[in-house]
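Student: My questions will all concern the structure given below.
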């Protein structure tokens, strides 16, 4: 039997080290499984992939929605950390933007959760922590976008909402037989998107720039 304490409520004592390790393994296994097979696979398979008993999963996450929320929180948190690291480590705002768009595997998973399962979408939309994490991540992207425009590398007639919306449209799962083909197609489309975002792009865009607030709800 797995040795760990019962689930702790927010604001109570932190999990013991072994309980925390089990929780992290479950979330990592669930994230991997959701990315490959969607959020509706049996919890028993997630437990087996994490190397824990089914009872351990349910002690940490009383139902599937709780597990989905935890995976979503971790994926958005990780994407936000990547965005902040790009701002600090890259020499230009354009390089930070390109790095964020190319490396946001976590955002792709969150999008798949929303698309593949109405239950997952409801679980995520009702969670205030996920909403706050999304808001903060949009803040980071907003700063990158404005910095790239200020340095003259990003076209001036787009808004943060345009960049985010285009990326989200691209990361929807592509239904093709081979996973490698889907991954290659996504990378090529990201390249096309980045070229279209460059300040040197010649074609003017229709309508008004989409602000980040257009994606908040």
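Student: How would you rank 27-33, 94-100, highest first, on the average number of other Cβ atoms within 10 Å across their residues?
Tutor: For the peptides 27-33, 94-100, the packing ranking is 94-100, 27-33.
Student: Further, regarding this structure: Would you kindly state how much longer the chain becomes between residue 189 and residue 139 on full extension, computed as 0.36 nm times their sequence separation minus their alpha carbon distance, in nm to one decimal?
Tutor: Net length gain for the segment: 15.5 nm.
Student: Another question, then. What is the packing order of peptides 148-157, 59-68, 204-213, 188-197, taking the mean over residues of other C-beta atoms within 10 Å and listing the highest first?
Tutor: 59-68, 148-157, 188-197, 204-213
Student: Taking every eigenvalue of the Cα gyration tensor of segment 75-215, multiplying by 5 and rooting it, what semi-axes result, largest first, whole Å?
Tutor: Taking √(5λ) for each Cα gyration eigenvalue gives 24, 19, 15 Å.
Student: Report the gain in length on full extension from residue 41 to residue 92: 0.36 nm times residue separation, minus Cα-Cα distance, nm rounded to one decimal.
Tutor: Between residue 41 and residue 92, full extension yields 14.2 nm more.
No lab work stands behind these numbers, since they all come straight from the coordinates. This is a predicted model, so every value here is computed, not measured. Heads up, the Cβs are rebuilt from the backbone with ideal geometry, glycines too, and the neighbour counts pull from every protein chain shown.
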